[in-house]
C-alpha cells in the first residue's frame, strides 16, 4: 500500500471524507445552537409584549403540519375532549 493510500484510507475508511463530514456536522451544530438562541430571544420578546408563548409554540407546531394532518389532530382533540367531558 502506498503512503498516499495510507493517509486517505485507514482500515478501509476514507479518513479525509469522514473528517470532512464530521467537521461539517460540527459547524452545523454550532449554527443550530446559535439559531436556537435566536428563537429563544424571539419568544422572550413576544412574552415581553404580553403574548402567551405556550400558545405561540402550539401555533408554530400546527403550522408545520400539512392541512389534513392538522385537521385530523384538531378532530381528535375535540373527540377526546368530548370523551372526558370537557366539551
Label-point separation in nm, residue 45 to residue 73, each point 7 Å along Cα→Cβ: 2.5
Given labels modelled 7 Å from the Cα in the Cβ direction, how far is it in nm from residue 35 to residue 55? 2.8
If the elastic network links every pair of Cα atoms under 10 Å, which of 37, 11, 48 fluctuates the most in the Gaussian network model of the chain? 11
In the Gaussian network model of the chain, springs joining C-alpha atoms below 10 Å, which of 16, 52, 38 carries the largest mean-square fluctuation? 16
Using only the alpha-carbon atoms, how far is helix 67-83 inclined from the longest principal axis of the chain? Give it as 0 to 90 degrees, nearest 10. 50
Hey, in the GNM for the chain with a 10 angstrom Cα cutoff, which one of 56, 39, 25 fluctuates hardest? 25
Per q in 0.13, 0.15, 0.20 Å⁻¹, report the Debye log10 I(q)/I(0) for the chain, using one uniform scatterer on each alpha carbon and no solvent. -0.73, -0.81, -1.01
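Quick note: the coordinates plus some simple rules give every number you see, no bench work behind them. These figures come from a predicted structure and were not determined experimentally. Note that each Cβ is placed from the backbone with ideal geometry, even for glycine, and that neighbours are counted across all protein chains shown.
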